[in-house]
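Presented below is the structure to which this report refers.
Where a number appears in this text, it was derived from the coordinates with a stated rule and is not lab data. Remember, it's a predicted structure, so these values are computed and weren't measured experimentally. Here the Cβ is made from the backbone with ideal geometry for all residues, glycine too, and neighbour counts use every protein chain on show.
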Amino acid sequence: MKINRLFEITTILLNKGSVTAQELADRFGVSTRTIYRDIDVLSSAGVPVYMNKGNGGGIHLLENYALSRTLISEQESESLLLTIKTLQATHYPELDRVLEKLGSIFKNTPVYDWVEIDFSPWSSSPNENHKFNHIKQALLQSKVIRFDYVNGEGRKSNRLAEPEKLIFKNNAWYLAAYCRQRQEQRTFRISRLKNLTVMSATFARRLLPAQNPKESNNNAAPTLIPLKLRVQAKALNRLYDYFDDSYFMPNADGSFTLAAALPAGEWLFSYILSFGSFVEVLEPEQVRQTVVKRMKQTLQIYEL
């Protein structure tokens, strides 16, 4: 369409400063006469474009011209550009080209590389590095995926699923998908999803109800256990990933008391034990005794 060609001509001039009519004609598959008419249209619309003949001639745009002054504020253009930069982590098709175009349009807007998004964990295999790209491909092309999954109880299974949405919640990534084995929507934690393969089979998207990203074997809300923990200062850095200062009460010896309700399950004891001697269960007594029992069982492994 002509309007798209006019916009792209403006973008090219913003990027290069000047270009010949023949270059534009070759790019768009039109005659140079058509390009000259396009330049007249742009000039009539108020775009400060002009032409020179001879050596160094061509089509030019006045220096420092930017569309952002008439279309969008500087603050809005900064937000838009930085949002697209964060999306580059997904390697979405044509994002680099979109960013280049917008960067030229808003060329008076400074863009700083102050944010970088990397979906892979610190210690990851090449397969892990590409996991998000494979999921993105399946989402965009409506393709079925196959993967191995280990749930919160440690049970491993192989799944066929129809991916619906990626969710970031509580410092973790989840995949909302329709599980063909269970014949219902399930939410899978990405870090527990292994050996993912994008199948050739496609699917029609289903109308699914909204669901919170909680891992469970059913849709029931998890049982919460009120806990009181004594926490050494050395463990605060990890606990701050989940709790803010309002959950902590300082003690005279430099430790802190954490009072919070956490979901019941095997993961809870593993989580508490992962802190070693830096966390002590004060309440409830049943959880405290279970942790003691697990510690004794672990110690037996190392006893000669």
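What to note about this one:
- Packing-based ranking, highest mean first, of 225-234, 5-14 given that Cβ atoms within 10 Å are counted: 5-14, 225-234
- Dipole magnitude of region 2-61, debye to nearest 20 (Cβ charges: Lys/Arg +1, Asp/Glu -1, about Cα centre): 80
- Placing R0 at 45 angstrom, the Cβ-Cβ distance between Phe7 and Ser191 gives a FRET efficiency of 0.60 after rounding to 0.05.
- Checked against a 18 Å cut-off, the cross-linked pairs Lys234/Lys293; Lys169/Lys234; Lys228/Lys296; Lys156/Lys194; Lys156/Lys293 give Cα-Cα distances beyond that limit for Lys234/Lys293; Lys169/Lys234; Lys228/Lys296; Lys156/Lys293.
- Cβ-based net charge around Phe147, under 10 Å, with every Lys or Arg adding one and every Asp or Glu removing one: +4
- If the segment from Tyr240 to Thr202 were pulled out straight at 0.36 nm per residue, it would be longer than the present Cα-Cα gap by 9.5 nm.
- Sites Glu23 and Ser142, calculated FRET efficiency, Cβ-Cβ separation with R0 41 Å, nearest 0.05: 0.55
- Leading residue at positive end of dipole, region 128-202 (Cβ point charges), from Ser142, Ala172, Gln185: Ala172
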